[in-house]
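Report on the following structure.
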Amino acid sequence: MFNKILIANRGEIAVRIIRACNELGIETVAVYSDADRPSLHVALANEAYHIGPSAPGESYLAKEKIIEVAKRSKAEAIHPGFGFLAENEGFADMCEKEGIVFIGPSPESIRLMGDKVTARKIAQDAKVPLVKGSEGAVSDVEANVIAKKIGYPVMIKASAGGGGKGMRLVRNEEDFEGSLRMARSEARSSFGDDSVYLEKYIENPRHIEIQIIGDSHGKILHLFERECSVQRRHQKVIEEAPSSAINSKLRRKMGEVAVRIAKAVSYRGAGTVEFIMDQEGNFYFLEMNTRIQVEHPVTEMITGIDIVRWMIRIAYGEKLTFKQSDIKMNGHAVECRVYAEDPEMNFIPSPGKLVYVRAPSGPGIRDDSSILSGSEITHFYDPMISKLIVWSETRESAIKKMISALREYIVLGVKTNIGFLLRVMNNEEFQKGDIDTGFIDRHPDLLTPPSIDIKPALVAAALAMRNASNEAEIAKEKPVSNWKLLSRKLAVSRNNLL
Ligand code: ADP
């Protein structure tokens, strides 16, 4: 096995990878920016190297600096995590040339799947169902004609897009020209490439994705599906496995299709094939992500397979020791992304210092985080505080467990989406599994807190503050009959802490 691995990332995914390395007896090298000097991934790694200012371009995206640290620290491999350099073909290539193992697929697989237009072609050749759309990138002249042929509503998508960015929905012909212009200019400024393609817009689809894993000896398996339909701004907030909309026949079919796509690019490592599924259960290829995904824990919880550990073993050249029929699905897992953001203000990030944080725990509860009391959520990076994952025997009991866990979660100092997540978990349609990508838009009521939600949070916060500041006075207020009074007291004691 490798002796030492460098983790070219930060936050919870860096911590997740360091833990996997510890379990495999591998030494770890962290890299960090100015803002991340006092952070958990730095504290947990065996060695840590400062690589530059907080702006990602000068640190976590600085390929040469990272390679240099890998060489200096004698790391034999680099795990890129997700985001940053994870799907950067040039970086994977540089690693190879420098004799450092890139823990992920080959630069060629990244290249083929990185461009959405090329990925669509590969899927088409592999006889994978595709959303109706343009053959490839479109010029301004042909775009209008093709859009009419596909039929409105259509989606304009950036070929180089990702992370929910670079997409525009156009409902009718009058809006097309203006939208195309804006889509191109957004694509140019976000991705440095203004080529776009068109896709038929599927109304209220579900987002279903298949986790796949392949070794470098030609074996590629799937680890079933994840449902990621609860999204804001085309970005996932709640994920679960299995999906309540998939039966075993469809699961097998989607799994086979995903493996077929992965085989078409000789895939190695962990990857995800994403589909959208219409109300009739027809599914269409969206894209393939050639990296570990944020939501991988729900798959780990229902299969018992440690995906990150396997990524490392595969990169070392090991063979997968199990076959498709050995992989069993057990129970149900749900993940909530806990963000420092304000759902009432269109989910804008709410950076700041976390005065006090206490994550829930208990049987079947996993909190993947790198945040501690005193940590800071900065505007430089994604404002995710943690990923809260629960496992239980059924979907119903998993939701109940998530409600209980979220009620215990205390984050003081910044606005969070915890109340919003709780309201989704308590929503009748969500509980029935009646979800699609339009779920949040259809329920604006979920964005604003009714006072009833505040009570348990305040009780929890009161207990936390009492412990933190020894305020015996607050204890007298239990049970909370007047939360306004309590909140005033909390504001006082929070100021004391600051
Ligand atoms: P990204 O790479 O930016 O994540 P994707 O192509 O994976 O972009 O799409 C992200 C989300 O956007 C999907 O989960 C879905 O909610 C929505 N979406 C994408 N394409 C379509 C489409 N043709 N019709 C309806 N919704 C779509």
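The values are calculated or read from the model by the stated rules, or taken from the named source; none is laboratory data. Values in this document were obtained by computation on a predicted structure and should not be read as measured data. Every residue, glycine as well, gets a Cβ built from its backbone with ideal geometry; the counts of neighbours run over all protein chains shown.
What to note about this one:
- Test: LEU250 is more than 16 Å from the ligand (Cβ to nearest atom), in contact with a strand residue (DSSP E or B) (Cβ under 9 Å, 6 or more places away or on another chain) and assigned by TED's automatic domain parsing to the domain that holds ILE377: yes
- Here the strands (runs of 3 or more DSSP E) wholly within segment 204-243 that include at least 1 residues being out of contact with any strand residue (DSSP E or B) (no Cβ under 7 Å at 6 or more places or on another chain) are 220-232, 235-241.
- For SER266, the conditions (1) hydroxyl-bearing (Ser, Thr, Tyr); (2) more than 12 Å from the ligand (Cβ to nearest atom); (3) in contact with a strand residue (DSSP E or B) (Cβ under 8 Å, 6 or more places away or on another chain) all hold with the exception of (3).
- Here GLN235 passes the criteria (1) within 16 Å of the ligand (Cβ to nearest atom); (2) surrounded by fewer than 24 Cβ atoms within 10 Å (Cβ to Cβ); (3) closer than 20 Å to ALA119 by Cα except the one numbered (3).
- Filter result for ALA258 (of a type in the set (A, V, I, L, M), surrounded by 21 or more Cβ atoms within 10 Å (Cβ to Cβ) and out of contact with any Ser or Thr (no Cβ under 7 Å at 6 or more places or on another chain)): yes
- Filter result for ARG291 (within 16 Å of the ligand (Cβ to nearest atom) and basic (Lys, Arg)): yes
- Hits in segment 327-381 - residues which are β-branched (Val, Ile, Thr) and closer than 22 Å to GLU295 by Cβ: ILE327, VAL334, VAL338, VAL357, ILE365, ILE371, ILE377
- Output for segment 314-335, where each listed residue is surrounded by fewer than 12 Cβ atoms within 10 Å (Cβ to Cβ) and assigned to a helix (DSSP H, G or I): SER325, ASP326
So that you can scan it fast, the table gives a plain yes or no per residue for (1) within 16 Å of the ligand (Cβ to nearest atom); (2) modelled with pLDDT under 95:
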position	(1), (2)
GLU203	yes, yes
GLY214	no, no
LEU221	no, no
ARG226	yes, no
VAL230	yes, no
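- Within segment 153-174, if we keep just the residues that are exposed (fewer than 13 other Cβ atoms within 10 Å of the Cβ) and more than 13 Å from GLU287 (Cβ to Cβ), the residue that is farthest from the ligand (Cβ to nearest atom) turns out to be GLU174.
- Filtered residue count, segment 39-72, keeping only those that are in contact (Cβ under 8 Å) with a residue 12 or more places away in the chain and in a loop (DSSP other than H, G, I, E, B): 9
- Residues within segment 5-38 that are outside any helix (DSSP H, G or I) and either over 17 Å from ILE377 (Cβ atoms) or basic (Lys, Arg) (or both), tallied: 13
- In segment 102-149, residue farthest from HIS79 (Cα to Cα) [restricted to those that are assigned to a loop (DSSP other than H, G, I, E, B) and more than 16 Å from the ligand (Cβ to nearest atom)]: SER139
- Those residues of segment 408-422 which are of a type outside the set (A, V, I, L, M, F, W, C), under 17 Å from THR448 (Cα atoms) and surrounded by fewer than 22 Cβ atoms within 10 Å (Cβ to Cβ), in sequence order: LYS415, GLY419
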